Amino acid sequence: MRKSAFLFILLTFSAFVAKASAVDSLWNNANALYAEAQYERALEGYLEIEQSGTESFDLYYNMGNTYYKMQQYAYAILYYEKALRLDPDHADALHNLTIVREQCIDRIEPIPQFFVTQWIRKSYKKLPPGTWSVFSLVLLALSLTFVLLFVYAGSIRLRKASFVLAVVVFFLAVTSGIFALQSKKEATREDIAIIKSVVSSVKSAPGAQGKDILVLHEGTKVRVLEEAGEWVRIELEDGRQGWLLLHEILFVY
């Protein structure tokens, strides 16, 4: 029984090492091809890595760069968005995403948000969910430490100071926890998509009976509100809504 378990662990570990070695080889080869401006061949390597189940910021970022070099802007935006889900505040990815969006025809102005809402969104995007969770737990432990200090402190001044610190640190712990939840929600949302068709007609209703109310172009970011067969109801960043064919979009998740 022990030999069987050991053999299973050994085989599993060997398979893991072999897969990691194969991915590393594909990665290095794809990067070398990219450096030589052989973008189509480089992309084949990156896609093979993705199909193996590997998910990483560097992979998605390089794929975004490759698609941009190939002037496939919808896919470039798609993979920059995928990369930013893993590292929301990465300067290079944000910069490249801005550049590729300038190549797109549509200019959608987001609905203005209350400055507090903007600050909260910018704040929780600064760090990944796991980091915010660690901060929350550490701060919570520190708050409990101040509570114990308050209970057992000998002087009134120390009790007052520890009480104030406990309240402040507890507030920060709760805030970090909320940021962790919001960051996790943003990173795992499944309703964001990119228009992949060169030209897409947005209709007032799904099907041929719907009237054309808007025309969108490759690379535009939309939010999918619902699906109805081969149709999806989408919402733009400026609040306008309509129906598109499902095959005309690429989901970010």
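Since every read-out is calculated from the coordinates, none of them should be taken as a lab result. Since this is a predicted model, take the numbers as computed values, not measurements. A quick note on method: Cβ atoms are made from the backbone with ideal geometry, for glycine too, and the neighbour counts reach across all protein chains shown.
Under 5 Å between amide H atoms, partner at least 5 residues away or on a different chain: which partners does residue 231 have, H built in plane at 1.01 Å?
Under 5 Å from the amide H of residue 231: 246.
What are the ³J(HN,Hα) values, in whole Hz, obtained from phi via the Karplus relation 6.51 cos²θ - 1.76 cosθ + 1.60 with θ = phi - 60°, for each residue of region 173-190 in sequence order, with x given for Gly and Pro?
The phi angles translate into 5, 5, 4, 5, x, 5, 4, 4, 5, 5, 5, 5, 4, 5, 6, 10, 5, 10 Hz.
Mind checking which aspartates and glutamates have their Cα closer than 13 Å to the Cα of residue 126? Skip sequence neighbours fewer than 8 apart in that chain.
87, 89, 186
With θ set to phi - 60°, apply the Karplus curve 6.51 cos²θ - 1.76 cosθ + 1.60 along region 74-89 and write out the HN-Hα couplings as whole Hz, x wherever there is a Gly or Pro.
4, 6, 4, 4, 3, 7, 5, 5, 4, 4, 6, 5, 8, 9, x, 10
Considering only Cα-Cα distances, which of the following residue pairs are longer than 28 Å: 185/221; 125/211; 69/196; 122/160?
125/211; 122/160, as the Cα separations exceed 28 Å there.
Suppose R0 equals 41 Å; then what is the FRET efficiency for residue 253 and residue 142 from their Cβ-Cβ distance, rounded to the nearest 0.05?
The computed FRET efficiency comes out at 0.70.
Please list, ordered by chain and number, the residues whose modelled amide H lies under 5 Å from the amide H of residue 192; skip anything fewer than 5 residues away on the same chain.
Residues meeting the criterion, in which the H sits 1.01 Å from N, are 224, 252, 253.
Read phi for every residue in region 246-253 and hand back ³J(HN,Hα) as whole Hz from Karplus 6.51 cos²θ - 1.76 cosθ + 1.60, θ = phi - 60°, with x for Gly and Pro.
These are the phi-based 3J(HN,Hα) values: 4, 6, 8, 10, 10, 6, 6, 6 Hz.
Charges on Cβ only, +1 for Lys and Arg, -1 for Asp and Glu, centred on the Cα centroid of region 167-233; of 205, 176, 228, which one is farthest towards the dipole's positive end?
Projecting each Cα onto the dipole axis, the largest value belongs to 176.
Does anyone have the angle between helix 91-101 and the longest principal axis of the chain? Alpha-carbon axes, 0 to 90°, nearest 10?
30
If amide hydrogens are placed 1.01 Å from N in the peptide plane, which non-local residues have theirs closer than 5 Å to the one on residue 214?
202
Report the charge-dipole magnitude of the chain in Debye, nearest 20, computed about the Cα centre from +1 at each Lys and Arg Cβ and -1 at each Asp and Glu Cβ.
With Lys and Arg at +1 and Asp and Glu at -1, about 1380 debye.
Of the options 43, 249, 23, report the single residue whose Cα projects farthest towards the positive end of the charge dipole of the chain (beta-carbon charges: Lys, Arg +1; Asp, Glu -1).
Going by the charge dipole, the pick is 23.
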